[in-house]
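Here's the structure, in structure tokens; my notes come after.
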Amino acid sequence: SFFVLNPDKLRSRSPAKYEFARDRIMQGSVYVSRIREDLTFTVYNLFPDYVFPGKVRRVDIRVDGAAQEDKRVTVEIELHVADRVLEGASHAVTRVFSDAGTFFDLWLNPVDASGARTDVGAVLRGSRTLDRSAKAGYWTVRQMIIADPVGNERFAGAEDFGWKLYLENPEEDFTAPTYVPGTARLEHGGRDVVEGRAVQTLRASWGVKEDRAMPGTDACNAVLNDEIATTYSLDKWGTYDAVTSQCVVSLLMPEYMPSSRYFLHRVVMWDAAANQGDAEFADGGSGERAPSVRLRTGDPDTKPPELDLNRIEVDAKPTNPEAPNGETIVTIRFRVRDNISGYSFGGLKLRDPQGATYFAYHYPPDFSSLFSARDPTQWTTHVHTHILPAGSAPGLWGIYEIDVADKARNRVSHNFAEVVRFEVE
């Protein structure tokens, strides 16, 4: 698929595989993926960074906390580098698992000799506090992803470095919280006033059986579906009430939300030891029937926002024109309008000359508001500024894709790449 849709990336990552596909499978025919000329820009760099971060040469793990206390886990890794900038990393991330299947994600950031955080380096450090009820014993990793500022990534497997993390937790809890059958409810929660406007609410609740402790916040999650095939599911975090042993999730439903019957599709619970329990409900057939409620709104929005495809502008300027190093200020201007709820956020994807893509979100000033701050039906120009880091690949870049979504969860994606085939006869 990459040979057809993104041949530059296949050719830059594995020339041998690209040549095999070209000569043995396509009989010499090749494909070119090109972006609309007005959506391209040039990056200048005399010293591009094509070097992947160095391999892991050292791992130090420290656990602070007595047996009956919460544990502070600190992991420090050192990379094998000849040049701190070229072979250093901007971050590393790994998922750490217990033998019971519980896990946590650990991010590591570069630090200098004094422990202060830096932009790139050979020594990376990360910490995480675990509850005293976390699973006792050895915690392991399966993979670590190490990346530099320009997106070069090294995927290191567990066999590529040493790792030994042990937790002494006599109060360990490895029993997941469970849903109490027959207790799920989805109902109207009345009306509330938000930003000066009346909105309806939906309230999801269900009973939880937990033998130890649940956190007060971010312990419960409810996922709702409606009857409209083109919309996304709606999920929200809620709280656990220790008095009633219930999870409660409230969802604000403005008048622009679709009128439909809403179903409680799935519930998830986490206890203090990060054990996860969940339950799914069926719309019919076997299993417990999904609780549902019909919501009628005054001005439902079921159409995605509109992007003006003929009024997209991109401008790029190097930060150091005299000796360009790839660091480039990219400014993108685009226009959006919506029929009812208003533009909520966008996603922009850039592609470099080697086929690698870089994603960035765009948030308008009223992103966190439930309602649009201006007339959503009028064209509004938005400006997104993205700074490419030093070392970025030189050559012709382009806007590969733009997604736009409105506040009612309607979303549309526009791809600006065209595939051209050159066939050898």
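The values are calculated or read from the model by the stated rules, or taken from the named source; none is laboratory data. Bear in mind the structure is a predicted one, so any value in this text is a computation, not a measurement. As a convention, Cβ positions derive from the backbone with ideal geometry for all residues, glycine included, and neighbour counts pool all protein chains shown. Areas reflect the complete protein model, heavy atoms only, side chains present, ligands, DNA and RNA absent. Shrake-Rupley method; radii C 1.70, N 1.55, O 1.52, S 1.80 Å.
Simple spin-label estimate for Lys317 and Thr129 gives 4.5 nm between the two label positions (7 Å along the Cα-to-Cβ direction from each Cα). Kindly provide log₁₀ I(q)/I(0) values, in the same order as q = 0.18, 0.19 Å⁻¹, from the Debye equation applied to equal alpha-carbon scatterers of the stretch 229-340. Debye curve over Cα of the stretch 229-340, log10 I(q)/I(0) at q = 0.18, 0.19 Å⁻¹: -1.04, -1.10. Sorted largest first, the spans of the alpha carbon positions of the stretch 10-63 along the three principal axes are 56, 35, 24 Å.
Full-extension gain between Glu171 and Arg294, please, as 0.36 nm times their residue separation minus the C-alpha to C-alpha distance. Display every interim value, and only then the final one.
On the way: separation 123, 0.36 × 123 = 44.28 nm, distance 4.51 nm.
In short, 39.8 nm is gained.
Projected over every direction and averaged, the convex hull enclosing the alpha-carbon atoms of the stretch 58-191 yields 13.0 nm². Roughly speaking, what is the centre-to-centre gap between the stretch 208-222 and the stretch 344-384 when only Cα atoms are used, to the nearest Å? Here the answer is 35 Å between Cα centres.
The residues packed around Gly342, meaning those with a beta-carbon under 15 Å from its beta-carbon, carry a net charge of -1 if Lys and Arg are +1 and Asp and Glu are -1. One way to sum up the overall shape of the stretch 302-351 is the equivalent ellipsoid from its Cα gyration tensor, whose semi-axes run 32, 10, 8 Å, largest first. Comparing Thr175, Thr244, Thr94 in a Gaussian network model of the chain, where Cα atoms under 10 Å apart are tied by springs, the biggest mean-square fluctuation is seen for Thr244. Computed FRET efficiency, Cβ-Cβ of Tyr361 and Ser259, R0 25 Å: what is it to the nearest 0.05? For Tyr361 and Ser259, the calculated efficiency is 0.30. Considering all C-alpha pairs of the stretch 146-249, those separated by over 24 Å amount to 53%.
Put Val243, Val199 in order of accessible area, highest first, and with a 1.4 Å probe you get Val243, Val199. For the stretch 280-328, just say rounded, prolate or oblate: build the C-alpha gyration tensor, square-root its eigenvalues into a ≥ b ≥ c, call rounded for a/c under 1.5, and beyond that prolate if a/b exceeds b/c, oblate if not. Prolate, since a/c reaches 1.5 and a/b exceeds b/c.
Helical runs assigned H by DSSP (4 residues or longer) give the chain a calculated mean residue ellipticity at 222 nm of -1000 deg cm²/dmol, each run adding -39500 (n - 2.57) before division by the residue total. The stretch 290-336 and the stretch 1-34 have Cα centres spaced 31 Å apart.
According to the Cα gyration tensor, what semi-axes, each the square root of 5 times an eigenvalue, does the equivalent ellipsoid of the stretch 208-278 have, listed from largest to smallest in whole Å? Mind dumping the intermediate values first?
Numbers: eigenvalues 148, 29, 17 Å².
Three semi-axes, in Å: 27, 12, 9.
As an exercise, identify the GluC sites (Glu not before Pro) in the stretch 128-168 lying in DSSP coil whose Cβ has no more than 15 other Cβ atoms within 10 Å.
Values: sites: Glu153, Glu159, Glu168; in loops: Glu168.
Those satisfying the criteria are Glu168.
Which whole-number percent of Cα pairs in the stretch 188-247 have a distance greater than 18 Å? Roughly 52 percent, rounded to a whole number. Modelled spin labels at Ile61 and Tyr232, positioned 7 Å past Cα toward Cβ, are 3.5 nm from each other.
For the pair Thr178 and Asp218, what calculated FRET efficiency results from E = 1/(1 + (r/R0)^6), where r is the Cβ-Cβ distance and R0 = 22 Å, to the nearest 0.05?
Numbers: r = 19 Å, r/R0 = 0.84.
Efficiency at R0 = 22 Å is approximately 0.75.
Calculated translational diffusion coefficient of the stretch 78-132 (37 °C, 0.692 mPa s; Stokes-Einstein with Kirkwood radius over alpha-carbon pairs) equals 264 µm²/s.
Normalise the Cα radius of gyration of the chain by 2.2 N^0.38 Å (N = residues in it) and let me know the number. Display every interim value, and only then the final one.
Numbers: Rg = 25.8 Å, N = 425, 2.2 N^0.38 = 21.9 Å.
Here the Cα radius of gyration is 1.17 times the empirical estimate.
The length gained on full extension between Gln27 and Ser413, counted as 0.36 nm times the residue separation minus their Cα-Cα distance, comes to 135.6 nm.
Computed with a 1.4 Å probe over protein heavy atoms only, the accessible area of Tyr343 comes to about 20 Å².
For Ile61, the accessible surface of its heavy atoms amounts to roughly 50 Å² (probe 1.4 Å, protein chains only, rounded to the nearest 10).
Shape index of the stretch 263-417: Rg/Rh, with Rg the Cα radius of gyration and Rh the Kirkwood radius from the inverse mean 1/r over Cα pairs, equals 1.12.
Viscosity 0.890 mPa s, temperature 25 °C: give me the Stokes-Einstein translational D for the stretch 1-113 in µm²/s, with Rh taken as the Kirkwood radius over C-alpha pairs. The estimated diffusion coefficient comes to 129 µm²/s. Count Lys and Arg as plus one, Asp and Glu as minus one, and take only other residues whose Cβ is under 15 Å from that of Pro254; the net charge is then -3. Once you list every other residue whose beta carbon is under 12 Å from the beta carbon of Asp112, what net charge do they have if Lys and Arg are +1 and Asp and Glu are -1? That works out to +2.
What full-extension length gain, to one decimal in nm, is calculated for Glu425 and Glu153 as 0.36 nm per residue of separation minus the Cα-Cα distance?
Numbers: separation 272, 0.36 × 272 = 97.92 nm, distance 3.90 nm.
Fully extending the segment from Glu425 to Glu153 adds 94.0 nm.
Can you list the lysines whose alpha carbon sits under 19 Å from that of Lys407, skipping same-chain ones fewer than 8 residues off? List returned: Lys236, Lys303.
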